[in-house]
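Worksheet: one structure, shown below.
The values are calculated or read from the model by the stated rules, or taken from the named source; none is laboratory data. In this text, all values refer to a predicted model and were calculated from it rather than measured experimentally. Quick reminder, even Gly has a Cβ in these numbers, built from the backbone with ideal geometry, and neighbours come from all protein chains shown.
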Amino acid sequence: LPYLLTQMGDHQEMYQRFTMVFDEVFEWIQAEVCIVSIFEYEVMSMVAGALPGYALLHAEPFTSIVLNINVCTWIHQDCQDCEFCMVLAIGQFQGSSLVLMEPGLVLKLREGDFVVF
């Protein structure tokens, strides 16, 4: 279900600004995902539309937004993803990559790049 994490604490204003600033970006990505993979897009949209907090979704058809700042994670699998996951690289950084272990891909991301997998 869509909800604001309690860990957001004092960062709710940052989240609100983030979603407001990136609304048009999310709309563009939504259109691109729809063009590239209409079936998966429709499945994700049906799931998103059935959620009780549907109005909270800023990045439909994706049902959640996670804002990671300066993140480096251990190898993991997000088992709760429905069809697709998206990573949007934001900020000024050097030397970062998105590593997808199963297909054996290392993607060097630049600011503004997004990857849907």
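Would you please list the contacts, defined by Cβ atoms under 6 Å and residues six or more apart or on different chains, that run from a residue in segment 91-107 that is of a type in the set (A, V, I, L, M, F, W, C) to a residue that is outside any strand (DSSP E or B)?
Going by the 6 Å Cβ cut-off, the qualifying pairs are LEU98/LEU109; MET101/ILE75.
Got a number for residues in segment 38-64 being under 17 Å from VAL87 (Cβ atoms), assigned to a loop (DSSP other than H, G, I, E, B), out of contact with any Ser or Thr (no Cβ under 7 Å at 6 or more places or on another chain) and without any contact (Cβ under 8 Å) to a residue 60 or more places away in the chain?
Qualifying residue count for the region: 2.
Can you name the residue in segment 67-111 that is in contact with a helix residue (DSSP H, G or I) (Cβ under 9 Å, 6 or more places away or on another chain) and at pLDDT 80 or above and, of all such residues, is nearest to VAL21 (Cα to Cα)?
In the first step, residues of segment 67-111 are kept if they are in contact with a helix residue (DSSP H, G or I) (Cβ under 9 Å, 6 or more places away or on another chain); the result is 67, 82-84, 86, 88, 90.
The next check asks that each one be at pLDDT 80 or above; those that pass are 86, 88, 90.
Working: MET86: 18, LEU88: 14, ILE90: 12 Å.
Of everything passing the filter in segment 67-111, ILE90 is nearest to VAL21 (Cα to Cα).
Quick grid of which residues meet (1) more than 16 Å from PHE117 (Cβ to Cβ); (2) surrounded by fewer than 15 Cβ atoms within 10 Å (Cβ to Cβ):
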{"site": "VAL21", "(1), (2)": "yes, yes"}
{"site": "PHE26", "(1), (2)": "yes, no"}
{"site": "ILE29", "(1), (2)": "no, no"}
{"site": "TYR41", "(1), (2)": "no, no"}
{"site": "MET44", "(1), (2)": "no, no"}
{"site": "PRO52", "(1), (2)": "yes, yes"}
{"site": "PHE62", "(1), (2)": "no, no"}
{"site": "ILE65", "(1), (2)": "yes, no"}
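Report the residue count in segment 18-32 for those that are within 12 Å of the chain's Cα centre (by Cα) and at pLDDT 85 or above.
Within segment 18-32, the first condition is being within 12 Å of the chain's Cα centre (by Cα), and the residues that meet it are 19, 22, 25-26, 29-30.
With the extra rule that they be at pLDDT 85 or above, the set shrinks to 22, 25-26, 29-30.
Of the residues in segment 18-32, 5 are within 12 Å of the chain's Cα centre (by Cα) and at pLDDT 85 or above.
Starting from segment 77-89, take each residue that is at negative phi and assigned to a loop (DSSP other than H, G, I, E, B) and list its partners that are modelled with pLDDT of 70 or more and β-branched (Val, Ile, Thr), counting only C-beta distances under 6 angstrom and pairs at least six apart or across chains.
Pairs that qualify, where the first residue is at negative phi and assigned to a loop (DSSP other than H, G, I, E, B) and the partner is modelled with pLDDT of 70 or more and β-branched (Val, Ile, Thr), are CYS82/VAL47; PHE84/VAL116.
Taking segment 92-108 as the search range and keeping residues that are in contact with a Ser or Thr (Cβ under 7 Å, 6 or more places away or on another chain) and among the aliphatic types (A, V, I, L, M), which one is surrounded by the fewest Cβ atoms within 10 Å (Cβ to Cβ)? Explain how you work it out, then say what you get.
In the first step, residues of segment 92-108 are kept if they are in contact with a Ser or Thr (Cβ under 7 Å, 6 or more places away or on another chain); the result is 106-108.
Now drop any that are not among the aliphatic types (A, V, I, L, M), which leaves 106-107.
On the way: VAL106: 9, LEU107: 14.
For segment 92-108, the residue satisfying everything is VAL106.
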